[in-house]
Amino acid sequence: HFELLLATIGVFFSLNVIDLPEFFEDHREEYFRGFLELLKFQHEAVAGQGQQGLLEQVKGAICECFVLYAEKYQEEFMPFLLRCVQEVWTLLVGLDQQEKNDQLVAKGIQFLSSTAATQWPQSPFEDPNVLSGICEKVVFPNVLLRDSDVELFEDNPLEYVRRDMEAADQETRRRSSMDLVKAMGRVNEAKVTEILIGYVKALMEKASQAAAGQAERFKDACIFLCIAMAVREQTQREGVTATNQNVNVLDFFSSLVVPELTSEPLSQRPVLRASCLKFVTVFRNQLPREQISQLLPAICKHITAESAVVHTYAAICIEKLLRVKDKTPQGQVAPRYDPVSM
């Protein structure tokens with residue numbers, strides 16, 4: 001029956017994806033009431049065991065239908081907005097960290113992102129308590145690396161780089177959480193930034209008291225939260241072109257990234273080193289020339305790192321830095337960094 005149900009929801013999505021048929025507009029209440037009940041449904045017979053099952057697929061498909069209506073049919077979706085946000089929030093908070101839930105979590109967060117980035121007459125995302133709750137219960141648990149993520153880093157570095165650096169991880173927990181931060185920031189930037197900066201400080205405090213492995217994951221999460229908060233506009237070729245003025249990128253760079261990349265030996269904390277190299281790559285246009293020039297020898301050293309991810313990120317970082325160009329007083333375009341000095 002659940003296979004038929006999954007196919008039926010797929011048909012619903014396909015029939016609504018181009019335009020809203022009159023039949024579905026007239027029967028919205030019945031469909032959405034059924035969708036909301038299905039999000040609450042639990043039964044071991046259709047739940048996945050180790051990998052995504054029919055139950056997770058059905059709930060993920062429902063979240064996709066919610067995204068469709070939130071993005072294309074706001075007026076028709078408005079009466080269901082609060083109920084859908086509440087049920088998806090409840091669903092996400094109740095899911096554990098098992099990999100079988102990854103795609104469902106990503107699709108649920110995508111729905112929250114769609115609704116958070118839209119101006120609604122009565123938006124639940126205007127309430128600071130809601131924003132704080134989403135950050136605490138949804139964003140942070142899904143930005144932190146799990147054991148399975150660290151295993152991927154060590155055992156399958158090519159896949160880790162592909163997912164993380166090449167933006168191929170649209171349906172991962174971390175990428176979806178970062179997109180949610182950006183979406184909430186579009187409507188309520190100052191408040192969201194204030195909440196997140198408070199949590200970043202708390203995470204850094206936890207890191208100072210935690211065991212080495214856990215401290216590395218806390219600091220790694222801080223870097224990704226900073227990227228999510230600070231980046232406002234970005235292109236593949238030029239990098240970041242606009243930032244959130246409420247985030248002090250340079251302070252973060254000086255206090256966390258520089259000490260980590262200049263510490264020895266290179267074999268320590270490879271996950272955090274890779275994230276620090278990614279931070280430099282992302283904010284290559286914003287970071288001052290003088291400070292990057294001082295850090296370049298340390299970045300170049302990471303080419304010799306044993307970790308495949310670390311030396312790959314170091315190579316990408318150097319390549320991107322060499323492409324950064326500035327205008328001279330004469331109006332000419334010149335490379336910011338001299339390859340000879342590297």
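The values are calculated or read from the model by the stated rules, or taken from the named source; none is laboratory data. Everything numeric in this text was worked out from a predicted model, so none of it was measured. Here Cβ is always computed from backbone atoms with ideal geometry, including for glycine, and neighbour counts include all displayed protein chains. Heads up: the accessible areas ignore ligands, DNA and RNA and are worked out on the full protein's heavy atoms, side chains in. Shrake-Rupley method; radii C 1.70, N 1.55, O 1.52, S 1.80 Å.
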Percent of C-alpha pairs per 10 Å bin, the chain, short to long: 5, 23, 30, 23, 13, 5, 1, 0
Label-point gap, in nm, between Glu205 and Asp26 - each point 7 angstrom along Cα→Cβ: 5.9
Nonlocal amide H pairs with Lys325, under 5 Å, H built at 1.01 Å: Arg336
Surface accessible to a 1.4 Å probe, His43 within the full protein complex, Å²: 100
Whole-Hz couplings from phi, Karplus 6.51/-1.76/1.60, listed for the stretch 133-145; x for Gly and Pro: x, 5, 4, 6, 9, 10, 5, 4, x, 9, 8, 5, 5
Amide proton proximity set for Val231, modelled H, under 5 Å, gap of 5+: Asn244
Estimated distance in nm for a label pair at Gln330 and Glu71, the labels positioned 7 Å out from Cα along Cα-to-Cβ: 4.8
Qualifying GluC sites (Glu not before Pro) for the stretch 41-135 [loop in DSSP, other Cβ within 10 Å: at most 13]: Glu44
Surface accessible to a 1.4 Å probe, per residue, for the residues of the chain, Å²: 49
Too-long pairs where the Cα-Cα distance tops 27 Å, listed order kept, from Lys107/Lys201; Lys201/Lys320; Lys137/Lys219: Lys107/Lys201; Lys201/Lys320
Karplus-derived HN-Hα couplings along the stretch 316-330 (A = 6.51, B = -1.76, C = 1.60, θ = phi - 60°), whole Hz, x at Gly and Pro: 5, 4, 4, 4, 5, 5, 5, 8, 5, 10, 10, 8, 7, x, 7
Burial order of peptide ranges 274-285, 239-250 (average beta-carbon count within 10 Å, highest first): 274-285, 239-250
Mean separation of Cα contacts under 8 Å, 6 or more apart, over the residue count of the chain: relative contact order %: 11
Relative packing of peptides 326-337, 104-115 - highest average C-beta neighbours within 10 Å first: 104-115, 326-337
Per-residue [θ]222 nm for the chain (sum of -39500 (n - 2.57) over DSSP H runs n ≥ 4, rounded to 500): -20000 deg cm²/dmol
Karplus (6.51, -1.76, 1.60) ³J(HN,Hα), θ = phi - 60°, over the stretch 88-104, in Hz, Gly and Pro reported as x: 5, 4, 4, 4, 5, 5, x, 7, 8, 8, 5, 5, 4, 8, 4, 5, 5
Distance between the stretch 168-234 and the stretch 263-296 - C-alpha centres, whole angstrom: 18
